[in-house]
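What follows is a set of notes on a single structure, which appears directly below.
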Amino acid sequence: MLSFTDSAVSINGENGIFMITHNTRTLVNCLCAMMILAFANGSNSVRAEQQDWVQLAVHNFGAPINTMWDEGELTFADDGTMVYCSARADLDAAPGDPKDLYIATFNKATGSWNEPVNMGEPVNAPPATDVDPLRKGDDREPWITGDGQTIYFKSDRTATTTPRNNNDLFVTHLVNGAWSTPELLPAPISTDEGNEHCPMLLQDGESLCFASARAGGYGQSDIWCAQQDANGTWQDPINQGPNINTAANEFHFTQDASGVVYFTSNRPGGFGGMDLYSAKQLGPNSWAPAINLGSQVNTESADMCPALPPGGGTLTWFSDRSDSSFGAFDIFWTNKTNLTTTP
C-alpha cells in the first residue's frame, strides 16, 4: 500500500483529460490509473483481457474537485472544461446557497486541475427566501455545449409556493468573456407542476431533453425531449417512451457519438437506490430497451447523473458509494470498457 502526500497525478491523453491531485489519502489506485492511461494508444476498444486491475477499477476524481462537501452533476465541453455542482461552503456565491455551479479547467503546463471557480452571479442566484421560501439559491444540474459557449441548468430562482413550482430550466451564454444573465426556458419546457430538471442536448444539437413529472408520463419523473420550430419557439415535449421511462424515476440523459444515451433510474431490478442505465437510439424519440450498466458502476448506494469526458473512452458520474469518498457525494470515473452493454 502506497500513500502520497501533496502529490499530483494527471493525464492529458487522446481519450480526454483526467486528474487526481493534492490529496493526503492513499492514492495508489489513482496513480496507477493515470500511468496506464498515459501510455494507452488512444483506442476506445481495449479488450478486457488486455486490461489490468487499474483499468478495470472505479476511480475517485480526487481533490481539488471533490471536497468534504457534496459534489455532483458534471458536464464537459470539447476542450475538457468541466462544469459541475458543489455544496462547498468555502467558495459559495452567497451564504446559505445549497449548491452552486463551478467551472474547472485543466492546466497543461502544471499537469493538474486548476482550482475550481464558482461561476458567481448572475449564473448562481443568491437565496431569496424573503421573496418566496422556495427560493433557496439552489443552482445545479448543468449541461455545457461542446463549444463551451452555452450552459443549460436547473434553478429555483423563480420558484413559487403558490402555485407550487419548485424549479425551472434556464440557459446562459458566454458573451465577450462573461456569462449572460440566465434566461428562463418557458412553457412548454418549464412548467409549474413538472419540477423540470437535468437539461441536455442530444448529438443532433437540436433536441433538448430533460426530466419532468408533468402529466402524461409513465411514472414519477420521466425523460422528455423537445425541439424549436423555425421561429425559435419550443414545441411540445415528447415522452421518450417505455424503453426509457418506467413507473419509477428517470432523469439525466447524456449521449455519446454512437447514439447511446446514459441516464439514471431507480426502477426495480437495480443494484441500489439509483442506478445508471444505457439505451441505443433507434430513431427520433425511439430507443432500444435500457440496459443496467452493471456492478462495476452501480452499487447499493445512489449512483447518478452520468457524463462523458472528451474522447469517449470513459464515463463519469457521482455517488455516495462507501469506497474512496471525500464527502457524502463524490465524482467518480471508469473506462467504458467496464460497463455492461448487454442485458
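Any read-out appearing in this document is the output of simple, stated calculations on the displayed coordinates, not a laboratory observation. No experiment lies behind these values; they were computed from the predicted model shown. Reconstructed Cβ throughout: ideal geometry from the backbone, glycine too, with neighbour counts over all protein chains shown.
Hey, which lysines would be in cross-link range of Lys154, C-alpha to C-alpha under 23 Å, not counting anything within fewer than 8 residues on its own chain?
Here the lysines satisfying the reach criterion relative to Lys154 are Lys99, Lys136.
Hey, what do the phi angles of segment 196-211 turn into as Karplus ³J(HN,Hα) couplings, whole Hz, using 6.51/-1.76/1.60 and θ = phi - 60°, x for Gly and Pro?
So the J values, rounded to whole Hz, are 5, 7, 6, x, 6, 10, 5, 4, 6, x, 10, 8, 8, 10, 7, 9.
Measuring from the lowest to the highest alpha carbon on each principal axis, how far does segment 46-151 reach, largest first, in angstroms?
59, 28, 25
With a sphere of radius 9 Å drawn around the Cβ of Glu250, what net charge do the other residues whose Cβ falls strictly inside it have (Lys, Arg +1; Asp, Glu -1)?
Values: positive: Arg267; negative: Asp222.
Combined, the nearby Lys, Arg, Asp and Glu give 0.
Could you tell me what percent of the DSSP beta bridges with both partners in segment 8-338 are antiparallel, to the nearest 5? Don't skip to the answer; put the middle values down first.
On the way: 70 of 72 bridges.
Among the beta bridges of segment 8-338, antiparallel pairing accounts for roughly 95 percent.
Read phi for every residue in segment 158-163 and hand back ³J(HN,Hα) as whole Hz from Karplus 6.51 cos²θ - 1.76 cosθ + 1.60, θ = phi - 60°, with x for Gly and Pro.
These are the phi-based 3J(HN,Hα) values: 10, 4, 9, 6, 9, x Hz.
Compactness ratio of segment 54-114: Cα Rg over 2.2 N^0.38 Å, N = residue count? Can you show the working numbers first?
On the way: Rg = 12.9 Å, N = 61, 2.2 N^0.38 = 10.5 Å.
That works out to 1.23 for segment 54-114.
Under a no-solvent Debye model with one identical scatterer per Cα of segment 131-198, what's log10 I(q)/I(0) at q = 0.12, 0.26, 0.27 Å⁻¹?
For the requested q values the scattering log ratios are -0.31, -1.13, -1.18.
Treating the Cα atoms of segment 234-336 as identical point scatterers in vacuum, please give the log10 of the normalised Debye intensity I(q)/I(0) at q = 0.22, 0.23 Å⁻¹, two decimals.
-1.19, -1.27
From Cα pairs below 8 angstrom and at least 6 apart in sequence, can you work out the relative contact order of segment 8-338, rounded to a whole percent?
16
Dividing the convex hull volume of the alpha carbon atoms of segment 8-338 by its residue count, what do you get in Å³ per residue?
Details: hull volume 44.9 nm³, N = 331.
Value for segment 8-338: 136 Å³ per residue.
Could you run the Karplus curve 6.51 cos²θ - 1.76 cosθ + 1.60 with θ = phi - 60° over segment 253-260 and give me ³J(HN,Hα) per residue in whole Hz, x for Gly and Pro?
5, 8, 10, 8, 5, 7, x, 7
Of the options His197, Cys225, Ile65, report the single residue whose Cα projects farthest towards the positive end of the charge dipole of segment 8-338 (beta-carbon charges: Lys, Arg +1; Asp, Glu -1).
My answer, from the dipole projection, is Ile65.
When all alpha-carbon pairs of segment 181-299 are counted, what percent fall beyond 26 Å?
17
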